[in-house]
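Take a look at the structure set out below.
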Amino acid sequence: MTVQGAPTELTLAGLKHRAMPLWLEPFYILFTRKYMAAFGAFVIVGMLLMAVLADVIAPYDPIAQDIPSKLRPPSGEHLLGTDHFGRDLFSRILYGARTSLYVGFGVVVLGTTLATLLGTVSAYVGGKFDMTYQRFVDAVQSIPSLVLLMTIVSVIGPGLLNIILALGLRQSIGESRIVRSAVLGIKQSQYMDAAKALGASHIRVIVFYIMPNIMAPIIIIASLALGQAILAEATLSFLGFGVPPPTATWGGMLSDEARRYMIQAPWMAIAPGVSLSLAVFGINMFGDGLRDVLDPRMRGSR
Amino acid sequence: MQRYIARRLLLAIPTFLIASSLVFGMLRLMPGDVLYAVLEENLVNTPLADIEKVKAEFGLDKPIHMQYLTFIAGVARGDLGKSLRDKKPVMDKIISRLPVTLELALLAMAWSLAIAIPIGVISAVRQDTPLDYLFRGVAIAGISLPSFWLGTLAVVLPALWFRWIPPLVYTPINVDVWINLKQFIIPSLILGTLLAGRTMRMTRTMMLEVMRQDYIRTAMAKGLRESVIVYRHALKNALIPVVTIVGLEAAFLIGGTVVIESIFSLPGMGRLFIEALTFRDFPVIQGLNVMIATWVILMNLLVDLSYSLLDPRIKYS
């Protein structure tokens, strides 16, 4: 049954497809047309499964040392071998996924929420406040991310929560800029004028008029931030400024003390690196596909 | 034009001040007595009078706002204080490490541009072909791969397979060019490849935008060869934002050098930073942060200014 005038064929992101509920469109395109993004989604799901089922699948305790079995190559007993403390690498990889995901999602939630708040308020209020805030953002962004993060961690100390805090703060400052420009774009539109003419309060305007329209950039930023956060946590752990040992974290597994043994035990170098690369690669692929579909104006690789 | 330059400069100053203040403020919050860095284990045994002397030497006995003013005044003069560890002026320490980081950064940037721009152009011109997808995949890989992993593999694998390690003692370029290059080639290739991913995507996006323009269609209608269109008309205009990228890369590079210098044992600014953090040598940490922030702000300024030069249509009031 065709309704008069209703489209039977739609075009989103330049790709033709059948009519469907509005919220379903991006997902449909993502999984039927954008194969690279679908691959990314599988990677993310795989990581989630690893992290959630770690307790069940992992054959050994990731921090249990077993010095007599140290530096064993991959075998039936230890699927990926053991490290210099005799810890099973396979288990450590599985639990490492947990750490990465904790940090990743923690940072994304904290960072994106904060960024949305700051960016929206800054753009909405405008004027001197906005200008001052912009200078502040410039200043924070002048300090390279890694340098700033390492300094912050030196001040507040290492640890999972502190890392999430530090990374979240840094990312939120950068992201708030994007949110701000999105809000500025909306401020000009006519339905904003209409809302004000109707006497809508500020909160109402922000929640019901601005927020729904900036969801697309926010989702895109969030998806890209996930990959960045995981990579940043790994780099910090590698340098010794991240989640402290003996917690299993992919970056930490490649750190200085482990590197000393890598010539004897090259398998120690491969698994964490491959996991990290695959994870971040998949997340970035997914984010890219999402961006292509949700906001053709933000063409990064379109 | 003059007014624009003046305005941009004026805007850069508060940014710089805020950045310096942030760094200053953060470091004062550092736990653990900083004097530990100077006196080390002797902190407990040293009589109070001596501790006071040390404090006075580094200006740590003055109230916090005085310390801040001294710091800012010093920055304006180029005096970043003295290192807590060996009492050498911070500025000198930084400058002595500069050549290493500079060489690494320049080589990395050169390599990155050399591969990213051609690949970006080809990817754009042959959009949506398998080649394009391949290049895009490689570019995303470039920004996803952890630099420290690649660096580690680059050290471990040759050692394992060929029994070869890069020279470990830093040799400046004026002492022996070949050994120097042997030392720098792998790190800069790695850094450059990671950088290239970013640049390549930007180049591709800008080329795509430019190619849709009307003047390109005119050129094609005129029957010009594709190579002429791409190089003479499209590329020049697409390169303008790439100038921004190069400026931004400068900021990103500095973070990258920290990791790479650590893996390849290169005595550059990145290594200095890690050492300073480990030893709580906060004048050095402060000084480095300030210098880097200055550099980035300067680069942004230059990029903004070059915009107006490259594109005469851009008129800033």
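The values are calculated or read from the model by the stated rules, or taken from the named source; none is laboratory data. Note that the structure is predicted; figures quoted are calculated from it, not measured. All Cβ positions, even for glycine, are placed from backbone atoms using ideal geometry, and neighbour counts span all protein chains on display.
Would a scan of the stretch B:159-173 turn up a residue that is touching a Phe, Trp or Tyr at 6+ places or on another chain (Cβ under 6 Å) and either modelled with pLDDT of 80 or more or among the acidic types (Asp, Glu) (or both)? Lay out the reasoning, then the answer.
Going residue by residue through the stretch B:159-173, those that are touching a Phe, Trp or Tyr at 6+ places or on another chain (Cβ under 6 Å) are none.
Checking the stretch B:159-173: not a single residue is touching a Phe, Trp or Tyr at 6+ places or on another chain (Cβ under 6 Å) and either modelled with pLDDT of 80 or more or among the acidic types (Asp, Glu) (or both).
Taking the options B:ARG217, B:ARG280, name whichever one is modelled with pLDDT of 75 or more and either farther than 30 Å from B:THR152 by Cβ or of a type in the set (Val, Ile, Thr) (or both).
Working: B:ARG280 fails: either farther than 30 Å from B:THR152 by Cβ or of a type in the set (Val, Ile, Thr) (or both).
Just a single option satisfies the conditions, and that option is B:ARG217.
All but one of (1) free of Cβ contacts under 8 Å to residues at least 12 places away in the same chain; (2) surrounded by fewer than 14 Cβ atoms within 10 Å (Cβ to Cβ) hold for A:THR32; state the number of the condition that does not hold.
Tallying (1) free of Cβ contacts under 8 Å to residues at least 12 places away in the same chain; (2) surrounded by fewer than 14 Cβ atoms within 10 Å (Cβ to Cβ), A:THR32 fails exactly one: (1).
Condition first: among the aromatic types (Phe, Trp, Tyr) and either surrounded by fewer than 16 Cβ atoms within 10 Å (Cβ to Cβ) or not in a helix (DSSP H, G or I) (or both). Now tell me which residues in the stretch B:148-189 satisfy that. Show your work before the answer.
Applying the first criterion (among the aromatic types (Phe, Trp, Tyr)) to the stretch B:148-189 yields B:148-149, B:161-162, B:164, B:170, B:178, B:184.
Residues satisfying the conditions are B:TRP161, B:PHE162, B:TRP164, B:TYR170, B:TRP178.
Assuming B:MET109 fulfils every condition listed in (1) at pLDDT 85 or above; (2) outside any helix (DSSP H, G or I) apart from one, which condition is it?
(2)
Looking at A:ILE178, A:ILE156, A:ILE186, which is the one that is hydrophobic (A, V, I, L, M, F, W, C), within 14 Å of another protein chain (Cβ to nearest Cβ) and surrounded by fewer than 23 Cβ atoms within 10 Å (Cβ to Cβ)? So that I can check it myself, show each step before the final result.
Working: A:ILE178 fails: within 14 Å of another protein chain (Cβ to nearest Cβ); A:ILE186 fails: within 14 Å of another protein chain (Cβ to nearest Cβ).
Among A:ILE178, A:ILE156, A:ILE186, only A:ILE156 is hydrophobic (A, V, I, L, M, F, W, C), within 14 Å of another protein chain (Cβ to nearest Cβ) and surrounded by fewer than 23 Cβ atoms within 10 Å (Cβ to Cβ).
Is it true that A:GLY106 is crowded, with 24+ Cβ neighbours inside 10 Å and modelled with pLDDT of 85 or more? Walk me through how you get there before you give the answer.
Values: crowded, with 24+ Cβ neighbours inside 10 Å: no; modelled with pLDDT of 85 or more: yes.
Answer is no for this residue.
In the stretch A:108-125, is there at least one residue being touching a residue at least 24 places away in the same chain (Cβ under 8 Å), within 13 Å of chain B (Cβ to nearest Cβ) and out of contact with any strand residue (DSSP E or B) (no Cβ under 8 Å at 6 or more places or on another chain)?
no
Would you pick out the residues in the stretch B:259-291 that are under 13 Å from the mean Cα position of the chain (by Cα), within 7 Å of chain A (Cβ to nearest Cβ) and either surrounded by fewer than 24 Cβ atoms within 10 Å (Cβ to Cβ) or more than 22 Å from B:GLY25 (Cβ to Cβ) (or both)?
Within the stretch B:259-291, just B:VAL259 meets the criteria.
Every residue in the stretch B:248-258 that is within 8 Å of chain A (Cβ to nearest Cβ) and β-branched (Val, Ile, Thr), please.
B:ILE254, B:VAL258
I'm checking my understanding of the structure. Among residues of the stretch A:235-294 that are more than 8 Å from chain B (Cβ to nearest Cβ) and polar (S, T, N, Q), which one is surrounded by the most Cβ atoms within 10 Å (Cβ to Cβ)?
By that ranking, first place goes to A:THR249.
Anything in the stretch B:232-258 that is hydroxyl-bearing (Ser, Thr, Tyr) and buried (at least 18 other Cβ atoms within 10 Å of the Cβ)? List them, or say none. Give the steps one after another, and end with the answer.
Residues of the stretch B:232-258 that are hydroxyl-bearing (Ser, Thr, Tyr), as a first pass: B:244, B:257.
Once the filter is applied, which keeps residues that are hydroxyl-bearing (Ser, Thr, Tyr) and buried (at least 18 other Cβ atoms within 10 Å of the Cβ), the stretch B:232-258 yields only B:THR257.
Can you name the residue in the stretch B:147-170 that is closer than 16 Å to A:TYR261 by Cβ and over 27 Å from the mean Cα position of the chain (by Cα) and is also farthest from the other protein chains (Cβ to nearest Cβ) among such residues?
My answer is B:LEU157.
If I filter the stretch B:209-225 for residues that are under 30 Å from B:LEU298 (Cα atoms), buried (at least 19 other Cβ atoms within 10 Å of the Cβ) and touching a residue at least 12 places away in the same chain (Cβ under 8 Å), do I get at least one hit?
Our first condition is that a residue be under 30 Å from B:LEU298 (Cα atoms); within the stretch B:209-225, this holds for B:209-210.
Narrowing further to those that are buried (at least 19 other Cβ atoms within 10 Å of the Cβ): B:210.
Keeping just the survivors that are touching a residue at least 12 places away in the same chain (Cβ under 8 Å) gives B:210.
Checked against the condition, which is being under 30 Å from B:LEU298 (Cα atoms), buried (at least 19 other Cβ atoms within 10 Å of the Cβ) and touching a residue at least 12 places away in the same chain (Cβ under 8 Å), the stretch B:209-225 yields at least one hit.
Out of B:ASP86, B:ASP132, B:ASP128, I need the residue that is within 14 Å of chain A (Cβ to nearest Cβ) and modelled with pLDDT under 80. Which one? Steps first, please.
Values: B:ASP86 fails: within 14 Å of chain A (Cβ to nearest Cβ); B:ASP132 fails: modelled with pLDDT under 80.
Result: B:ASP128 is the single residue among B:ASP86, B:ASP132, B:ASP128 that is within 14 Å of chain A (Cβ to nearest Cβ) and modelled with pLDDT under 80.
Could you check B:LEU181 against (1) within 26 Å of B:LEU107 (Cβ to Cβ); (2) touching a residue at least 60 places away in the same chain (Cβ under 8 Å); (3) not basic (Lys, Arg) and say which number it fails?
Only one criterion is unmet by B:LEU181, namely (2).
Within the stretch A:73-84, count every residue that is more than 17 Å from A:PHE238 (Cα to Cα) and either touching a residue at least 24 places away in the same chain (Cβ under 8 Å) or of a type in the set (S, T, N, Q) (or both). Spell out how you get there, then give the answer.
The first filter runs over the stretch A:73-84 and keeps only residues more than 17 Å from A:PHE238 (Cα to Cα), leaving A:73-82.
In the following step, the residues that additionally are either touching a residue at least 24 places away in the same chain (Cβ under 8 Å) or of a type in the set (S, T, N, Q) (or both) were identified as A:73-75, A:80-82.
Number satisfying all stated conditions: 6.
Which count do you get for residues in the stretch B:260-303 that are basic (Lys, Arg) and part of a helix (DSSP H, G or I)? Reasoning before the result, please.
Here is the first cut: in the stretch B:260-303, the ones basic (Lys, Arg) are B:271, B:280.
Imposing the further condition that a residue be part of a helix (DSSP H, G or I) reduces the set to B:271.
Residues that pass the stated criteria total 1.
Does A:ILE230 count as crowded, with 17+ Cβ neighbours inside 10 Å, free of Cβ contacts under 8 Å to residues at least 12 places away in the same chain and under 26 Å from A:ILE44 (Cβ atoms)?
no
In the stretch A:51-68, which residue that is under 28 Å from A:GLY289 (Cβ atoms) and in contact with a Phe, Trp or Tyr (Cβ under 9 Å, 6 or more places away or on another chain) is farthest from the other protein chains (Cβ to nearest Cβ)? Reasoning before the result, please.
If we filter the stretch A:51-68 for residues that are under 28 Å from A:GLY289 (Cβ atoms), which is where we start, we get A:51-54.
Still in the list and also in contact with a Phe, Trp or Tyr (Cβ under 9 Å, 6 or more places away or on another chain): A:51, A:54.
Values: A:ALA51: 19, A:ALA54: 21 Å.
My answer is A:ALA54.
Go through (1) away from chain A (no Cβ under 12 Å); (2) under 23 Å from A:PHE281 (Cβ atoms); (3) in contact with a Phe, Trp or Tyr (Cβ under 8 Å, 6 or more places away or on another chain) for B:ILE190 and report which single condition fails.
(3)
Conditions first: (1) under 24 Å from the mean Cα position of the chain (by Cα); (2) modelled with pLDDT of 85 or more; (3) closer than 29 Å to B:LEU288 by Cβ. A:TYR133 passes all but one, so which condition is the exception?
Against the list (1) under 24 Å from the mean Cα position of the chain (by Cα); (2) modelled with pLDDT of 85 or more; (3) closer than 29 Å to B:LEU288 by Cβ, A:TYR133 comes up short only on (1).
Only one of A:LEU161, A:LEU169, A:LEU149, A:LEU165 is of a type in the set (A, V, I, L, M, F, W, C) and away from every other protein chain (no Cβ under 14 Å); which? Lay out the reasoning, then the answer.
Numbers: A:LEU169 fails: away from every other protein chain (no Cβ under 14 Å); A:LEU149 fails: away from every other protein chain (no Cβ under 14 Å); A:LEU165 fails: away from every other protein chain (no Cβ under 14 Å).
Going through A:LEU161, A:LEU169, A:LEU149, A:LEU165 in turn, the sole match is A:LEU161.
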